[in-house]
1. With a 1.4 Å probe and all protein chains left in place, how much accessible area per residue does the range 39-78 have, in Å²?
2. Counting other Cβ atoms within 10 Å of each Cβ, which trypsin sites (Lys or Arg not before Pro) in the range 142-203 have at most 12 and sit in a DSSP loop?
3. Only four residue types carry charge here, +1 at the Cβ of Lys and Arg and -1 at the Cβ of Asp and Glu. Report the dipole size of the range 170-270 about the Cα centre in Debye, rounded to the nearest 20.
4. Cut-off under 20 Å on the C-alpha distance; same-chain residues fewer than 8 positions from Lys184 excluded. Which lysines are left, in chain and number order?
5. Would you list, by chain and number, the aspartates and glutamates whose Cα falls below 19 Å from the Cα of Lys185, excluding same-chain residues fewer than 8 positions away?
6. Keeping every protein chain in place, order Trp198, Trp75, Trp115 by accessible area at 1.4 Å, biggest value first, i.e. largest first.
7. Short version: ³J(HN,Hα) in whole Hz for each residue of the range 173-184, in order, from phi by Karplus 6.51 cos²θ - 1.76 cosθ + 1.60 (θ = phi - 60°), x for Gly and Pro, what are they?
8. I need the Debye-formula profile for the range 89-184: one equal scatterer per C-alpha, no solvent, reported as log10 I(q)/I(0) at q = 0.14 1/Å, two decimals.
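The values are calculated or read from the model by the stated rules, or taken from the named source; none is laboratory data. Being a predicted model, the structure only gives us computed values, none of them experimental. Ideal geometry is used to build each Cβ from the backbone, glycine not excepted, and the neighbour counts take in all protein chains shown. In case anyone asks, the SASA skips ligands and DNA or RNA and just uses the protein heavy atoms, side chains included. Shrake-Rupley method; radii C 1.70, N 1.55, O 1.52, S 1.80 Å.
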Amino acid sequence: MRIVLFLFLVLGTVAFGRESISVIRPASSYVQLNMLAELRDDVYSADAGIAGEFAPCNCFAVYGDLSYRLVSYEWDTELHDQIHEMVNLQVNGFNEFYVGAKIFPVPYFGIDVSWRFPPVGGSKTNRFHRLGVSPFGLYPLSKRLTLGAAVEYYTFLEDDHFQAGDELGLKGSMTWKLAWNEKKKTGWQLDYVFLYRWRVQESENLNLDKLYQKMDDLYRGFRLRLDGTRYISIGTKSLGIALFYEMNRGNLFGVETGHSLGMYAKFLLG
């Protein structure tokens, strides 16, 4: 089963997923099936997805994440004339696809290297290839409570003479296990993630003269996510059923501009 998962993650580059905020955790092996509903900039969408990770040892893991946008609608409102309109954007298809690897040179400290491929029909944003490097640390505060922290750096490839600006991020996470049976890996688990990200340089439109290339798109914003998962035994393996909420974009002063709500099934393989 582990070999099948590894081949799936390697060959998955022919497909394309949607970025979500992930909790910082040790290397593990699992397969996860997702369903979510999203609201962003007055656009309502529904996605189905699959994610997985393969860890041949505690010091290394590879992972992949892809999703398919099923439908996307925009809700337009004109306040003065009280006109409301629902528009089918006809946006469906594969979203961005993410692959990466986690390396642990020493216990509880690692480096995450990831690559994002642009979407195919399922998104009108995130059109650039993106390389990410994220050193992170884990600290087991107790047997059931683990804290994590990470620094993120993202850079983008030029596409059609547009160069997106580099980004930095700071992330913190917490994993809390309740009524947990470590041998059977059953019980309740709560995951919380907070991410603060900002663009450190303006994007450039290289089709224009140098004086007009800057796109004035600097920003600072935060995102957060909360997962509640119930793990049960399925033979010799463990299955987790989870509900989650994600604030997928906000600004420095806490005014949210995007939300996701969903559920997933997670099969622990190790």
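1. Solvent-accessible surface per residue comes out at 47 Å².
2. Lys143, Lys183
3. Approximately 640 debye in magnitude.
4. Counting by Cα, and skipping residues close in sequence, Lys184 has these lysines nearby: Lys143, Lys237, Lys266.
5. Leaving aside aspartates and glutamates fewer than 8 places away in the same chain, those within reach of Lys185 are Glu53, Asp227.
6. The most accessible residue leads, giving Trp75, Trp115, Trp198.
7. 9, 9, 10, 10, 9, 10, 6, 9, 9, 5, 5, 8
8. Ignoring solvent entirely, the Cα scatterers give -0.71.
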